[in-house]
Amino acid sequence: MHNKKPERPDYSELVRATLENDKVLLNKILESISDTSIHYLLYHMNSSRADAEDCTQQAILDTLEKIKALKIKDPERIIPYIKTCCRNNYFRKVRYNNKLISNDHFSYLSEPPNQLEDIMKSEESEILKTCLESLNDNYREFLTYFITFPGVDASQVAKHFNMSVISVWSKKHRIIKKLAQCIQNKMSK
Amino acid sequence: MEQKKHIEERIELYLADRLTLDEIEDLWLDIMKQPEYLDHLKINIALKELYKNEGNKKASSYNYYKPWLFAAAAALLLAFILSFFLSFSSPAILTLNKIDLVEIESPSMVRSGSEQFSQGDSLLNLAFNSTVIGDTDKALILYNKIIEDPQYNFYYAKAHLNQGIIYFNQERFTEAAQAFKTAIIWSNSDQNIVEKSYWYLGKTYVGLKALPEARESIFRTYQMNGHYRSEAEQMLISLDSILD
């Protein structure tokens, strides 16, 4: 969990900062890109943290080189490119380390994130509890429904809470955002 | 072109292991484009973990059917009344008899008389036979074989439901609850599976002494107006007499 709210990076700014070698702006934008890329490798590819950090760093360096060489001009292509680089770097690293690359390896990529123990430190977990208690009854009731019925269909939730299907996800989004803000506020104190 | 699902919905499905590999990659791409969603993913996971770790010992604090926080004294009183009620004067309707094996789900074509049998059907039948002769360990292994193989996803709901029945009869209520809930998820809106799963999920919650949750499941059974409606109505009356 971040101590401050992550901002949506402006990828056209990333192109500009790279070409103008604006290191302050570059670091700011790359911080969140790097964080999500590492988590992509950690959770989805089941990599180690060290591998995830190495592969992400290399992917970002490669991407910056491509931008400098004017081979990536469309800012919208930057994140897909970094993601592909991260993935390829990781597989290359696994092969290089003579680790097992087989169908077994690919099969667990479709599983949900399994490094759950790593996700929240106990301190953050305590803060989450406090933030949960600060929510109103309606919000807590809503969240608990999802926890009780994982993967529940929106139509079922909508029927239960007498609301439209579209509103279900907007409401959940609003509540999770509120929790995220609460956690960030408490951690920054 | 189909409209993309809301990212919260995709995160929910991801954590329930219900996205394809392509959909997962697409979700991660969106998370990487909009990093604030990484926190959303983490919070969703942490909430589930929190519930798993603490939900059992503080079930009354995390139920959604009644207000969020019961006073500690009220919770203790409820627990006492419940244990007293179940131990000494429990009405027949709340007595947890074993589930009759006739409730085990078998392949549909057995009933329809179809002669076409797939491997999934055979596994379901083998598991059923094992259950009947009392070899429930083997039955659970066979159901796991179905559950773990994507080619049998058509049979997931029945396999989970039947596992739930076995766990229930073994008084492994936590595992039974999970199995019944998963059966509902995979039911593909099959009314028979959904109704049966909610009915036995409700009974399982009684076994777990989580009465508000039991009431919610039984109420859903009642609402479905099917095979278990009459029994569900009686059970609701009993539950309300304790909960009110």
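The values are calculated or read from the model by the stated rules, or taken from the named source; none is laboratory data. Keep in mind the model is a prediction, meaning the values are calculated, not measured. Please note: Cβ atoms are built from the backbone with ideal geometry, for glycine as well, and neighbour counts cover all protein chains shown.
One line per residue, one yes/no per condition, for (1) buried (at least 17 other Cβ atoms within 10 Å of the Cβ); (2) within 17 Å of A:Gln156 (Cα to Cα):
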{"residue": "B:Glu171", "(1), (2)": "no, no"}
{"residue": "B:Ser187", "(1), (2)": "yes, yes"}
{"residue": "B:Ala214", "(1), (2)": "yes, no"}
{"residue": "B:Ile218", "(1), (2)": "yes, yes"}
{"residue": "B:Gln234", "(1), (2)": "no, no"}
{"residue": "B:Asp240", "(1), (2)": "no, no"}
**Prompt:** For segment B:8-23, how many residues meet the condition of being out of contact with any Phe, Trp or Tyr (no Cβ under 6 Å at 6 or more places or on another chain) and surrounded by 17 or more Cβ atoms within 10 Å (Cβ to Cβ)?
**Reply:** 8
**Prompt:** Can you pull out the residues in segment A:159-172 that are more than 7 Å from chain B (Cβ to nearest Cβ) and under 27 Å from the mean Cα position of the chain (by Cα)?
**Reply:** A:Val165, A:Ile166, A:Ser167, A:Val168, A:Ser170, A:Lys171
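Quick grid of which residues meet (1) acidic (Asp, Glu); (2) modelled with pLDDT of 85 or more:
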site	(1), (2)
B:Gln3	no, no
B:Ile7	no, yes
B:Arg10	no, yes
B:Ala16	no, no
B:Asp26	yes, yes
B:Asp30	yes, yes
B:Pro35	no, yes
B:Asp39	yes, yes
B:Ile43	no, yes
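Please report, ordered by residue number, the helices (runs of 4 or more DSSP H) entirely within segment A:130-189 with at least 2 residues that are of a type in the set (D, E, K, R). Give the steps one after another, and end with the answer.
Values: elements: A:137-148, A:154-161, A:165-188.
In segment A:130-189, the matching helices (runs of 4 or more DSSP H) lie at A:137-148, A:165-188.
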**Message:** Between a residue in segment B:39-60 that is at the interface with chain A (Cβ under 7 Å from one of its Cβ atoms) and under 13 Å from A:Leu132 (Cβ atoms) and any residue that is in a helix (DSSP H, G or I) and modelled with pLDDT under 80, which pairs come within a Cβ distance under 7 Å, given they are 6 or more apart or on different chains?
**Reply:** B:Ala46/A:Ser125; B:Leu47/A:Ile147; B:Lys48/A:Ile147; B:Glu49/A:Leu116; B:Leu50/A:Ser125; B:Tyr51/A:Ile147; B:Tyr51/B:Tyr62
**Asked** Among (1) away from every other protein chain (no Cβ under 14 Å); (2) modelled with pLDDT of 90 or more; (3) more than 16 Å from the chain's Cα centre (by Cα), which single condition is A:Cys85 missing?
**Response** (1)
**Complete:** Restricting segment A:124-175 to residues that are in contact with a Leu (Cβ under 8 Å, 6 or more places away or on another chain) and among the aliphatic types (A, V, I, L, M), the one nearest to B:Asp17 (Cα to Cα) turns out to be A:Ile147
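Is it true that B:Ser230 is without any contact (Cβ under 8 Å) to a residue 40 or more places away in the chain, over 23 Å from B:Pro107 (Cα atoms) and not hydrophobic (A, V, I, L, M, F, W, C)?
Numbers: without any contact (Cβ under 8 Å) to a residue 40 or more places away in the chain: yes; over 23 Å from B:Pro107 (Cα atoms): yes; not hydrophobic (A, V, I, L, M, F, W, C): yes.
Answer is yes for this residue.
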**Complete:** Of the listed residues (B:Asp26, B:Asp39), the one being crowded, with 18+ Cβ neighbours inside 10 Å, charged (D, E, K, R) and under 21 Å from A:Ile82 (Cβ atoms) is B:Asp39
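Could you list, in sequence order, the residues of segment B:27-38 that are more than 7 Å from chain A (Cβ to nearest Cβ) and within 29 Å of the chain's Cα centre (by Cα)?
B:Leu27, B:Tyr37, listed by residue number.
Being outside any helix (DSSP H, G or I) and in contact (Cβ under 8 Å) with a residue 24 or more places away in the chain is the filter here, so list the residues in segment A:120-129 that pass it.
Here is the first cut: in segment A:120-129, the residues outside any helix (DSSP H, G or I) are A:120-121.
A:Met120 - this is the single residue of segment A:120-129 that is outside any helix (DSSP H, G or I) and in contact (Cβ under 8 Å) with a residue 24 or more places away in the chain.
Looking at segment A:1-46, which of the residues that are of a type in the set (Asp, Glu), assigned to a helix (DSSP H, G or I) and within 15 Å of the chain's Cα centre (by Cα) is modelled with the highest pLDDT?
Restricting attention to segment A:1-46, the residues satisfying the condition of being of a type in the set (Asp, Glu) are A:7, A:10, A:13, A:20, A:22, A:31, A:35.
Still in the list and also assigned to a helix (DSSP H, G or I): A:13, A:31, A:35.
Restricting the remaining residues to those that are within 15 Å of the chain's Cα centre (by Cα) gives A:31, A:35.
On the way: A:Glu31: 88, A:Asp35: 91.
Checked segment A:1-46; the qualifying residue modelled with the highest pLDDT is A:Asp35.
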